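Quick one: structure below, then a few questions.
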Amino acid sequence: MASQPGEAVQPGATARASLLRMASAWQHAGQLNQAIGAYTRLLARYPGSAEAREAADHLLALAQAHERAGRYHLALGLYEKLERLL
């Protein structure tokens, strides 16, 4: 996310985008604990941002996948985490 000459650098926006990319990469690589940690960090540090909303969607999808697979304790943990952060 390079800025154009004369354009203000927005470190918060860059950090949010980077954190979301890392979380997504970890999720696709099957490293769910790392992905959940990054999505959670995004929600905690940047509430109300577009990236936080996307992170919440990913966490909800992971919780639902755990629930469908019968891993209820993991699903419940994610639901509770979402409840605290939203």
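Go through segment 19-57 and give me each residue that's among the polar types (S, T, N, Q) and part of a loop (DSSP other than H, G, I, E, B).
Residues satisfying the conditions are Gln31, Ser49.
Identify all residues within segment 54-70 that are exposed (fewer than 14 other Cβ atoms within 10 Å of the Cβ) and not hydrophobic (A, V, I, L, M, F, W, C); write none if there are none.
Asp57, Gln64, Arg68, Gly70
While we're looking at this one, here's another question. Among the residues of segment 38-86, write down those that are touching an Asp or Glu at 6+ places or on another chain (Cβ under 9 Å), among the hydroxyl-bearing types (Ser, Thr, Tyr) and over 27 Å from Ala13 (Cβ atoms).
Within segment 38-86, just Tyr79 meets the criteria.
If we scan segment 37-44, do we find a residue that is surrounded by fewer than 17 Cβ atoms within 10 Å (Cβ to Cβ), touching a residue at least 40 places away in the same chain (Cβ under 8 Å) and under 10 Å from the mean Cα position of the chain (by Cα)?
yes
Which one is farthest from Leu19 (Cα to Cα), of the residues in segment 58-86 that are assigned to a helix (DSSP H, G or I) and basic (Lys, Arg)? Quick ask: steps written out before the conclusion?
Taking segment 58-86 and keeping what is assigned to a helix (DSSP H, G or I), we get 58-68, 72-85.
So of that shortlist, the ones also basic (Lys, Arg) come out as 68, 81, 84.
Details: Arg68: 27, Lys81: 18, Arg84: 20 Å.
Restricting to residues being assigned to a helix (DSSP H, G or I) and basic (Lys, Arg), the top hit is Arg68.
Follow-up question, since we're still on this one. Restricting segment 1-18 to residues that are assigned to a loop (DSSP other than H, G, I, E, B) and hydrophobic (A, V, I, L, M, F, W, C), which is modelled with the lowest pLDDT?
Selected residue: Met1.
The values are calculated or read from the model by the stated rules, or taken from the named source; none is laboratory data. Computed from a prediction, not measured in an experiment: that's the story for all the values here. So basically every Cβ, Gly included, is an ideal-geometry build from the backbone, and we count neighbours across all protein chains shown.
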